[in-house]
Number of protein chains: 2
Amino acid sequence: MRRIRVTIAYDGTEFHGWQVQPGLPTIQGWMERVVSEIEGSPVLVHGSGRTDAGVHALGQVAAFTIENPIPVENLRKAINRLLPKAIRVLDVNEETLEFHPRFKAKQKTYEYHIWRGEICPPMRRLYVCHHPYPLDEGLMELMAPLFEGEHDFSAFAAADEKDALGASKVRNIYLSRVWIEKDEVIYQVCGSGFLKHMVRMMVGTLVEAGKGNLGREEVLARLEPGFEGKAGPAMPASGLTLISVEY
Amino acid sequence: MRRIRVTIAYDGTEFHGWQVQPGLPTIQGWMERVVSEIEGSPVLVHGSGRTDAGVHALGQVAAFTIENPIPVENLRKAINRLLPKAIRVLDVNEETLEFHPRFKAKQKTYEYHIWRGEICPPMRRLYVCHHPYPLDEGLMELMAPLFEGEHDFSAFAAADEKDALGASKVRNIYLSRVWIEKDEVIYQVCGSGFLKHMVRMMVGTLVEAGKGNLGREEVLARLEPGFEGKAGPAMPASGLTLISVEY
């Protein structure tokens, strides 16, 4: 048996997210179909985590177990030949059998891109969120590092995940920064892990701060364990890209 | 009566080119539908020229005549509200009544992008042509300027246009250059006008030269009035963008 790790880039626009859903195109669904075809029997593909419908990736990581002795370079080519061009396997590596892309992940990096110009260029529209309305970007830059450190992110979880009892909502954020590049506000966050919708709600909180609707104390309050309510809103999926997963 | 000039950007991926075609989505079709709705009666929209299905634009120019007294800034916003996000009007200006975007055009600039890396990034795939096979890019750089000057481009016209008798196929090319930027070979051409498929066949000729299939003399021969045959092949539409039209 061989444990194979793959690094995957995708344009999430036309997919219903990472996770397999019967009858709907998903990244995991495509990976399982293609790897199973190469292996000649059903193969499960595990990801480092789900991405929502419309979210993109430059470096998602996944793994699967096969018996096929095909060299890794040929495997990469064979998979890419069978995948739609919106999904590309960038890298294929042999791992030890116990490698699990979710449990072994040490940190993940996401980027969120907001297009600030009045007109969103057609060729950028699928990869940004268009927000041409007034925002104090300086305030967003100031607030972004407030997320850094270990916090309870219960308020930043999607409703269905938030109600799940037991599982810890504490995550460690190593870096959380906003900067401006030409017509875009870019948010980059690196952390030990992320809850469903968490990054999109963090950006939603920063946008509310940029609108003047939330001050420093109110942003910090959302990170307190007892916070009643929902941080957010969750920003649109199109602006979000999973940049990398580190092990 | 007011003569209105608009500058338009579009992602050509999902359109059947510029020109109106019954029952198919085209840029001109969308512009006419939207401007007619604002005017309250049918309005024809003339472009600086057609772009093929799948070709993009950063600065296509078009014009139409309306009676509506709406200020140009509001007109731009009204048009953009009704257009799909893959088409954006960047600029609206009042012109003299005799302004015609095709007959008054002095020069046009196109760019063609070839992705050279083995894997084409999913987020670039719609805006480049993927050509990961061996090419001598230095030869392409050397050959590109051979197109500059006044030449008979009969060999670089689509079959249906080539057979049209009478119309001159002589065009003046002011600039024709190849350069490399990271993983892309970029071709830029600026000229008095272009025949159908002409830029894509010029790039096809340069790619053939880069493969070593055509030498300098054979490229020059294709520009001779008596050349029997077809320059080309025409490269895929996705790599081509109409950058600007000058008046």
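What follows draws every value from the coordinates through simple rules; no lab data is involved. Every value quoted in this text rests on a predicted model; they were computed, and no experiment measured them. Here the Cβ positions follow ideal geometry from the backbone for every residue, glycine too, while neighbour counts run over all protein chains shown.
Put simply, the amide H of B:C129, placed in the peptide plane, has neighbours under 5 Å in B:H113, B:I114, B:W115, B:G239, leaving out anything fewer than 5 places away on its chain. Compute the separation of the alpha-carbon centres of region B:1-67 and region A:45-111 and state it in Å as a whole number. Here the two parts' Cα centres lie 42 Å apart. With contacts taken as Cα pairs under 8 Å at a separation of at least 6 residues, region A:2-95 carries a relative contact order of 45 percent. Averaged over the residues of peptide B:226-236, the number of Cβ atoms from other protein chains lying within 10 Å of each residue's Cβ is 0. Counting only lysines at least 8 places from A:K169 when in the same chain, those with an alpha carbon closer than 26 Å to its own are A:K104, A:K106, A:K108, A:K196, A:K230. The residues packed around B:L126, meaning those with a beta-carbon under 13 Å from its beta-carbon, carry a net charge of +1 if Lys and Arg are +1 and Asp and Glu are -1. Under the classification rounded if a/c is under 1.5, otherwise prolate if a/b is larger than b/c and oblate if not, where does the protein assembly as shown fall, given a ≥ b ≥ c as square roots of the Cα gyration tensor eigenvalues? In terms of gyration-tensor shape, oblate.
Listing A:V34, B:V170, B:V178 from fewest to most neighbouring C-beta atoms within 10 Å gives B:V170, A:V34, B:V178. Residue-wise HN-Hα couplings along region B:21-27, as the Karplus relation 6.51 cos²θ - 1.76 cosθ + 1.60 with θ = phi - 60° gives them from phi, are 9, x, x, 10, x, 9, 5 Hz; Gly and Pro carry x.
With viscosity set to 0.692 mPa s and temperature to 37 °C, compute the Stokes-Einstein D of region B:185-241, Rh being the Kirkwood radius across alpha carbon pairs; µm²/s, no decimals. Result for D is 272 µm²/s. Per residue, the convex hull spanned by the Cα atoms of region B:2-95 measures out at 81 cubic angstrom. Summary for A:K106: label point 7 Å along Cα→Cβ; distances to the equivalent points in the other copies, ascending, 6.0 nm. Scanning chain B for the beta carbon that comes closest to the axis linking it by rotation to A yields B:L126, 4, distance in whole angstrom. Pairwise inverse Cα distances across region A:107-246, averaged and inverted, put the Kirkwood hydrodynamic radius at 15.1 Å. Legend: ranking of residues A:R5, B:R81 from fewest to most surrounding C-beta atoms inside 10 Å; resulting order B:R81, A:R5. If amide hydrogens are placed 1.01 Å from N in the peptide plane, which non-local residues have theirs closer than 5 Å to the one on B:L90? The list, which skips near neighbours in sequence, is B:T7, B:I8, B:A9.
Along region A:241-247 the Karplus relation, 6.51 cos²θ - 1.76 cosθ + 1.60 evaluated at θ = phi - 60°, assigns HN-Hα couplings of 9, 6, 7, 6, 10, 9, 10 Hz to successive residues, with x for each Gly and Pro. Taking every C-alpha pair closer than 8 Å and separated by at least 6 residues, the mean separation divided by the residue count of region A:107-246 gives a relative contact order of 38 percent.
In straight-distance terms, cross-link reach from A:K182 covers every one of the lysines whose alpha-carbon lies under 22 Å from its own, apart from those fewer than eight places away in the same chain; here that gives A:K211, B:K85, B:K182.
At what distance in angstrom do the alpha carbon centres of region B:171-236 and region A:168-247 lie from each other? Result: 49 Å between the Cα centres. Inter-copy label distances at A:G23, using a point 7 Å along Cα-to-Cβ, come to 2.9 nm with the shortest given first. Annotation for B:A159 and B:E37: the two label points, set 7 Å from Cα along the Cα-Cβ direction, are 3.9 nm apart.
Peptide A:118-130 shows a mean partner chain C-beta count of 5 within 10 Å per residue C-beta. Here is how far apart the A:E37 label points are across copies: 4.0 nm, shortest first, using a point 7 Å from Cα toward Cβ. Sorting A:K85, B:K182, A:K104 from the fewest to the most surrounding beta carbons within 10 angstrom yields B:K182, A:K85, A:K104.
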